[in-house]
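A.B. asks: Right, I'll just put the structure down here and ask away after.
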Amino acid sequence: MNLYRWYEFLEFYVAERIPQLPDLFRGLAATMGEDIIGVPIELEPDRFTEYATYEEALAAYEAEPKVRVLFENGMGDPDNPGLPLARFETSFDEWPPPGVETASWFLAPDGELAAEPGAAEQLEEYDHDSEAGEVSYLDGIDYDFTGAVPQMNWEPLAEGSGLSYLTEPFTEDTVLAGPGY
């Protein structure tokens with residue numbers, strides 16, 4: 001979870017002190033997590049309290065890799081699926097990491113995602129049924145957004161009533177990380 005890392009940043013660069021979260025706040029995080037998502041949130045331990053001075057702790061903090069990638073968020077605790085914990089993580093000194101092939105996909109005809117942008121005159125169309133009212137993946141569900149694993153109804157839209165885009169199937173294991181927009 002990134003909450004504690006944000007706290008570290010603010011302590012180092014705003015308060016200019018070694019981050020050390022009071023036990024009261026750790027207890028509040030556990031209680032609030034239990035109240036809000038049904039699972040207590042356990043913040044990671046203080047990482048810089050062994051340093052004698054602020055300057056030593058700051059130097060250790062600044063020596064860490066600058067980019068932290070958390071994978072499979074919500075699967076970090078098999079006993080509590082949906083808890084905001086990653087299954088695993090890795091770090092890099094820069095983004096994108098050296099030796100990594102970057103990729104972009106563009107909307108293309110027939111619901112495809114293509115490696116190259118298409119011509120501006122290519123249009124995809126669908127008919128929006130305004131008489132149907134608002135339809136979403138929450139229809140028919142008494143939705144509780146505070147739960148760790150909300151129940152959702154992922155029914156596909158009827159042909160011609162929505163747009164969906166897919167890549168060709170990957171032929172080898174591929175890691176996707178970074179912004180999706």
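A.B. asks: Multiply the residue gap between SER91 and ARG5 by 0.36 nm, knock off their C-alpha separation, and tell me the result in nm, one decimal place.
C.D. replies: Answer, rounded to one decimal: 29.6 nm.
A.B. asks: Right, next: Label ALA158 and ASP129 with points 7 Å out from Cα along Cα→Cβ: what is the distance between them in nm?
C.D. replies: So the two model labels end up 0.3 nm from each other.
A.B. asks: I would also like to ask the following. Nearest 20 debye, what's the magnitude of the dipole of the range 36-113 about its Cα centre given +1 on Lys and Arg Cβ and -1 on Asp and Glu Cβ?
C.D. replies: It works out to roughly 160 debye.
A.B. asks: Follow-up. State in Å² the accessible area per residue of the range 1-64; use a 1.4 Å probe, count heavy atoms of protein chains only, and round to the nearest integer.
C.D. replies: Result: 65 Å² per residue.
A.B. asks: Work out, step by step, the length gained on full extension between GLU62 and PHE170: first 0.36 nm times the residue separation, then minus their alpha carbon distance; give nm to one decimal.
C.D. replies: 35.1 nm
A.B. asks: With a ≥ b ≥ c taken as the square roots of the eigenvalues of the C-alpha gyration tensor of the range 1-107, please select rounded if a/c is under 1.5 and otherwise prolate if a/b is larger than b/c or oblate if it is not?
C.D. replies: Judged from the Cα gyration tensor, the range 1-107 comes out oblate (a/c at least 1.5, b/c at or above a/b).
A.B. asks: What net charge do the residues around LEU3 carry, taking every other residue with its C-beta under 15 Å from that of LEU3, with Lys and Arg at +1 and Asp and Glu at -1?
C.D. replies: Spelling it out: positives minus negatives among the neighbours equals -2.
A.B. asks: Got a sec? What order do TYR4, TYR61, TYR13 fall in by accessible area at 1.4 Å, biggest, i.e. largest, first?
C.D. replies: Accessible-area ranking of TYR4, TYR61, TYR13, largest first: TYR13, TYR61, TYR4.
The values are calculated or read from the model by the stated rules, or taken from the named source; none is laboratory data. Note that this is a predicted model, so its numbers are computed, not measured. Every residue, glycine among them, receives a Cβ derived from its backbone with ideal geometry; neighbour counts consider all protein chains shown. Keep in mind that these areas ignore ligands, DNA and RNA; they rest on the heavy atoms of the full protein, side chains included. Shrake-Rupley method; radii C 1.70, N 1.55, O 1.52, S 1.80 Å.
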